[in-house]
Amino acid sequence: TFSQYARLLFETPQFFTVFWNSMKLTVLSVGGQLVLAVPAAWAFAVYRFPFRRILFTLYVMLMLLPFQVTMLSSYLVLNDLKLVNTHWAIILPAACSTYPVFLIYRGFLNIPRALLDAARIDGAGEWRIFWKIGLPLASNGILSAVVLGFLEYWSLIEQPLAFLENQSLWPLSLYLPEISLQQAGYSFAASVITLIPPAFVFFIGQDYLEKGIAASGMKE
């Protein structure tokens, strides 16, 4: 009933805390991925340097490693950096994810090399080429990486459970399972509100997601 929504929105400060925790973790993780993945993908796709293919292959192979394999080493590193039990323990590893690089790389790879060479002949610098040509033409891959990243990090469970001890730092994905069966109506209301941000992002970015995934499947 609507009473559960009223209770959730006006009488449960903890829900707002975990909701904004999820928003903070997701937005900063995806933003960090863009800062790191877009230039890396551009370098792999556009520039030719020794061992590029081998390095890219090794880099992408990290996608095959599940979190369970890297959890212990990640915990040890984060603990030495005094980041365990902080949101940065989730954000920094997420920002260094390799999947966005692979997805965006394919978008940059589809840009005709003759177009880049023509821009250089006309006197455009590398930064201007990247900003004026690379980003607009690879926007589908970049936006699809944003959509997939948002959907993934909005529903994280293992990483927060492993690295966050303080429940006030928990995201919604850990808060919802804590609701008891006797509060089924309250749990349903919380689940509906939790669904709104990812559903909105998916609805807005659905076309970019399809085009970006289609481009990532093209062979070099």
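Hand me the chymotrypsin sites (Phe, Trp or Tyr not before Pro) from the range 22-61 located in a DSSP loop with no more than 10 other Cβ atoms within 10 Å, in residue order please. Intermediate values should be presented prior to the final figure.
Working: sites: Trp42, Phe44, Tyr47, Phe51, Phe56, Tyr59; in loops: Tyr47, Phe51.
Those satisfying the criteria are Tyr47, Phe51.
Projected area of the range 71-140, taken from the Cα convex hull and averaged over every viewing direction, in nm²? Please report the intermediate quantities before stating the final value.
Details: hull surface 26.3 nm².
That works out to 6.6 nm².
In Å and from the alpha-carbon atoms only, list the Rg and Dmax of the range 1-83.
Rg and Dmax of the range 1-83, Cα atoms, are 20.3, 64 Å.
Counting only heavy atoms of the protein chains, get the accessible area per residue of the chain (1.4 Å probe) and round it to a whole Å² value.
Values: 12650 Å² over 220 residues.
Solvent-accessible surface per residue comes out at 58 Å².
Enumerate the helices in the chain for which the Kyte-Doolittle hydropathy averages 0.5 or more and the C-alpha atoms extend at least 20 Å along the helix's axis, using complete DSSP H runs. Each step should come with its number before you reach the end.
On the way: long enough: 13-46 (49 Å, 1.16); 139-154 (22 Å, 1.08); 184-216 (43 Å, 0.95).
The answer, listed by residue number, is 13-46, 139-154, 184-216.
What is the percent carbon and sulfur in the accessible area of the range 1-142, measuring with a 1.4 Å probe over the protein chains and ignoring ligands?
On the way: 5840 of 8280 Å².
Ligands and nucleic acids excluded, carbon and sulfur reach 71 percent.
Quick check: pseudo-label points 7 Å beyond the Cα along Cα→Cβ at Asp207 and Lys24, how many nm apart are they?
3.6 nm
What is the distance, in nm, between label points placed 7 Å from the Cα along the Cα-to-Cβ direction at Glu178 and at Asp117?
About 6.0 nm separates the two model spin labels.
Which order do the peptides 60-67, 169-176 come out in when sorted by mean C-beta neighbours inside 10 angstrom, highest first? Mind dumping the intermediate values first?
Values: 60-67: 11.4, 169-176: 20.4.
Going from most to least packed, we get 169-176, 60-67.
Given the rule -39500 (n - 2.57) for each run of at least 4 DSSP H residues, summed and divided by the residues of the chain, what is its mean residue ellipticity at 222 nm, to the nearest 500 deg cm²/dmol? Each step should come with its number before you reach the end.
On the way: 12 runs with 158 residues, N = 220.
Theoretical 222 nm ellipticity from helices: -23000 deg cm²/dmol.
Can you tell me the dipole magnitude for the chain around its Cα centre, using point charges on the Cβ only (Lys, Arg +1; Asp, Glu -1), in Debye to the nearest 20? List each step's numbers first, then the result.
Values: 13 positive and 12 negative charges, 142 e Å.
The calculation lands at about 680 debye.
If exposed means no more than 15 neighbouring beta carbons inside 10 Å and the site is in a DSSP loop, what's the longest run of the chain without any exposed trypsin sites (Lys or Arg not before Pro)? Kindly include the intermediate steps, with their values, before the conclusion.
Working: sites that count: Arg48, Lys82, Lys219.
No qualifying site falls inside 83-218, the longest such stretch.
Once every Cα of the range 82-199 carries one equal point scatterer and solvent is ignored, give the base-10 log of I(q)/I(0) from the Debye formula at q = 0.11, 0.15 Å⁻¹, two decimals.
Results for the range 82-199 at q = 0.11, 0.15 Å⁻¹ read -0.57, -0.81.
Out of Ala138, Ser29, Ala162, whose Cα points farthest toward the positive end of the dipole of the chain (charges: +1 Lys, Arg; -1 Asp, Glu; placed on Cβ)?
Ala138
Mind checking which of Leu9, Trp20, Ala41 is farthest towards the positive end of the range 1-106's charge dipole, using Cβ charges of +1 (Lys, Arg) and -1 (Asp, Glu) about the Cα centre?
The listed residue farthest towards the positive side: Ala41.
Rounding to the nearest 20 debye, state how big the charge dipole of the range 117-170 is about its Cα centre with +1 on each Lys and Arg Cβ and -1 on each Asp and Glu Cβ. Working shown, then result.
Working: 3 positive and 6 negative charges, 56 e Å.
So the magnitude is around 260 debye.
Report Rg (one decimal) and Dmax (nearest whole number) for the range 54-100, counting Cα atoms only, units Å.
Answer for the range 54-100, Rg first and Dmax second: 11.8, 36 Å.
The values are calculated or read from the model by the stated rules, or taken from the named source; none is laboratory data. Only a predicted model underlies this, so the values are computations on that prediction, with no experimental measurement involved. Here Cβ is always computed from backbone atoms with ideal geometry, including for glycine, and neighbour counts include all displayed protein chains. SASA here: full protein model, heavy atoms, side chains in, ligands and nucleic acids out. Shrake-Rupley method; radii C 1.70, N 1.55, O 1.52, S 1.80 Å.
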